[in-house]
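The structure under discussion appears below in the form of structure tokens.
We did not get these values from a lab; they are worked out from the coordinates using the rules stated. Since the model is a prediction, treat every value here as computed from it, not as a measurement. All Cβ positions, glycine included, derive from the backbone under ideal geometry; neighbour counts span all protein chains shown.
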Amino acid sequence: MASVGCSGDEGEGDLVIDAGILSCQRDEHSKPEAAVPLGVGTPESGYICPEGDRDWYTLEIPADKTVLEVSLAMDIPLSPVEINYTVWTINEAGKPGSVAAAPPFTSVGSELQNIHCLDPGSYLLQINDAADDSSDLRNPYAVTVNTRADQDQNEPNNAEESATALSSGQTVTGYITCPGDHDQFKLEVPAGNLLKIHFETEISDYEPMVTLRDSEGRVLAIELNRSGRVQATTFDRYITLPDGGTYYVSVSDDDDYDADPDTPYALTVDFVTDTDPNEPNNTPDTATELSSTALSCANAWSSWTEMTGTIGAPGDNDWFRVPLQNCTGGILEAHVEFDTSGMSNAEKWAFNSQVQAAVTMVFPEPNSACNQDSDCGALQLSCQDSLDCAGVFEQCLPEGLCAGASVCLPSGFCGANRAQRRYECNPRFPECRAATQPLPPANLASFAAPLPAVSEVFLRVSDYQSDGAAPDTTYRLRVRTRQDPDPHEPSNLFTNQLNLNTATGRNRELAASVPVYDCTGANPSCCSNQPWTTGMIAYENDLDWYGYEHPCPGEDCLLKFHYRVDAGPVDTVMNVYTGSNPWITVLPNEQSVTHPAISGSIGGTATSDRCLYSFQGHDGPDAQTPYQYGVLVRDLRELYSDELTPTPESRDWAPEQSYSFCIEKVFNGCQAPCAVASNGECTTP
């Protein structure tokens, strides 16, 4: 101590000054060559002072205790020093070689409690301020190291070269002993097998992650529990493999920052015979040929071509190639259905909640060449809105290109999604709950869609969202083709989803023109002696648009609309449109599995007829262009209770079920069954 007199009276007013606050507590191991031994379990302390001070210690890691535990902290929590350490190897010159261990950067500056796995040998431990720009001349740090044995009997197995061999049915126990620990296991899987991985561990101090890679390092599957610190972890995962061969399963922490040397995990792999006769067909390159000969689009449906398969594991995508000939203007119909015939109703409901059949048509887009899948996130089709991408899934990307299927097909062109359907009975609908609907619907996905002008398409069968599997339940895929017999196609934009309202304007641009016969005057031309307009609802979402000119521009006149529809499943609806809005319902309908043939008319001049007229106020865009009325013929949709989602059963099409209609003008002016309003205009009374 040093005393400094501050008053004239001896012994009064003395100020006592601690020399420790005036200068650093110097130590003698601030260089590697001066490092002092740090004993196991023996606390040591020191000061980080002055700025840039680094204290060095030597460590010994014995062969039977290769796990190093480091505890390091400042004496007070608010020290200016952000305490840090680094473990170095020692080179031949006795100096620091390479970094062997360090704390995560996210924990630097706090109290450090870390575990590291090291090779046996001698090391240097460096302690310093993290940025070497602060010091603390009053408050020391405390450091303690311990070594312990690694309980994992499979170590070393942190690399594929040292991976532990694992056979089918074998259970192995291991530990994620240290941050960065990756326990690698090597599998030799025979062809024709699925891989089942079972992993379990109790609540632990890390977030377990299990990764499957092939021999080229490609990741095939990942399972992860980010809640591993608060709940036990169990993974059961079936995985479809591209082929037989060598695979690696890795167990680790999700970000390599955490570990738990005291909580074991158990890993079991099983090679399960894949009952799908078409595997491997998980990519377009390995797609199963649906037919040895091309499917032709003739004037009638081809016979059904059928395949069976299974969704062996989550992510299993079964690809089928469909060769085509003479199919410009053709239609392809596809159905996929799981065979649940041996299940109880309760089992069917449970199955439908786990696996939902899905089928997608993918075709080579001829403007979009590719070398690899990553080339095909976008097609070389420019767009400004979703309807510019009609026929390729209606998704316009921010860069102004239509979205692709993210797959490069064997022909060297990007795949474009054409149509997709899935089992669609969501439990949010009361009619899709076992409690209110004991009889479950079939686990079925189906569509009929117009074919693009290509010589092949691909069908992808999967579980919707690819998160379910049914290795023991067979699905049946059925496909057939034919020409679209409707002579007026295309009279609408084909879209994967029904765009009845949003696409009206664009659809009307494609409308087929139909006549209005003048059935008035001395030489009437009536529907009784003139040809009718005929069409078919030949595929799902087929919207048949027609247009007719105002038959008495600037005047009112009465019309008669005749129609007839063949017997069949389509619930045919006919509406007259003004602009983009329905104006008059000509033929209403209701849902039915099938309908008898129907015929009738709306309009006319009898008082018992319904009023149908052309209005004097409907003007064309200019004096030379008459106003255009629209006629839409479509299938009626039934909605679930949300009043938004169409039920799959209500989606009907039938190219062999034709409809016909004919429009005639029957009176110039306005009279019953219509009426003249007070403003002199014709209207419906």
Of Ala419, Pro440, Pro485, farthest towards positive along the dipole that unit charges on Lys, Arg, Asp, Glu beta carbons give region 404-502:
Pro440
Phi angles of region 536-552, converted by Karplus (6.51 cos²θ - 1.76 cosθ + 1.60, θ = phi - 60°) into ³J(HN,Hα) in whole Hz with x for Gly and Pro, give 8, 8, 8, 8, 5, 6, 6, 10, 8, 9, 9, x, 9, 6, 3, x, 9
Other-chain or far-sequence residues with amide H under 5 Å of Gln170's (modelled H)
Val269
Taking Cα centroids, how far is region 422-483 from region 26-58 in Å?
69
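What number in nm² do you get for region 123-162 if you take the convex hull of its Cα atoms and divide its surface by four?
On the way: hull surface 22.0 nm².
Its Cα hull, projected and averaged over all orientations, spans 5.5 nm².
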Treating only the Cβ atoms of Lys and Arg (+1) and Asp and Glu (-1) as charged, compute the dipole magnitude of region 504-683 about its Cα centre; round to the nearest 20 debye.
380
Which net charge results for the neighbourhood of Gly315, defined as the other residues with beta-carbon distances under 10 angstrom from its beta-carbon, given Lys and Arg at +1 and Asp and Glu at -1?
-2
Quick one: Karplus J couplings for region 144-152, per residue in order, coefficients 6.51, -1.76, 1.60, θ = phi - 60°, nearest Hz, x for Gly and Pro?
9, 10, 9, 10, 8, 6, 7, 6, 6
Descending semi-axes in Å of region 496-537, equivalent ellipsoid built from Cα gyration tensor:
33, 12, 7
Glu82's amide H: which non-local residues (gap 5+, or another chain) put their own amide H closer than 5 Å, with H modeled 1.01 Å from N in plane and none for Pro or chain starts?
Ala130, Ala131
Under 5 Å between amide H atoms, partner at least 5 residues away or on a different chain: which partners does Val586 have, H built in plane at 1.01 Å?
Met574, Asn575, Val576
Spatially proximal aspartates and glutamates relative to Lys560 (Cα-Cα < 14 Å; intrachain offsets below 8 disregarded)
Asp518, Asp609, Glu664
Formal net charge of residues neighbouring Ile61 (Cβ-Cβ distance under 15 Å; K, R +1; D, E -1):
-4
Just to confirm the number: angle between the C-alpha axis of helix 345-354 and the first principal axis of the chain, 0 to 90 degrees, nearest 10?
60
Reported label for calculated P(r) over Cα pairs in 10 Å bins from 0, in percent given [x] 2, 8, 8, 9, 9, 8, 9, 9, 10, 8, 5, 3, 2, 2, 2, 2, 1, 1, 0, 0, 0, 0; [y] 3, 11, 16, 15, 13, 11, 9, 7, 6, 4, 3, 1, 0, 0, 0; [z] 3, 14, 23, 28, 21, 9, 1, 0
[y]
Please turn the phi angles of region 71-78 into ³J(HN,Hα) values with the Karplus equation 6.51 cos²θ - 1.76 cosθ + 1.60 (θ = phi - 60°), one per residue in order, whole Hz, x for glycine and proline.
10, 9, 7, 7, 5, 10, x, 10
Only four residue types carry charge here, +1 at the Cβ of Lys and Arg and -1 at the Cβ of Asp and Glu. Report the dipole size of the chain about the Cα centre in Debye, rounded to the nearest 20.
3900
Share of antiparallel DSSP beta bridges in the chain, in percent to the nearest 5?
90
Can you tell which of Met361, Thr211, Phe235 lies farthest toward the positive end of the dipole of the chain, using +1 and -1 charges on the Cβ of basic and acidic side chains (Lys, Arg; Asp, Glu)?
Met361
Please name which of Asn575, Met74, Cys408 has its Cα lying farthest along the dipole of the chain towards the positive end, using unit charges on Cβ (Lys, Arg +1; Asp, Glu -1) and the Cα centre as origin.
Asn575
Charge dipole magnitude, Cβ of K and R +1, D and E -1 - region 272-373, Cα centre, debye nearest 20
280
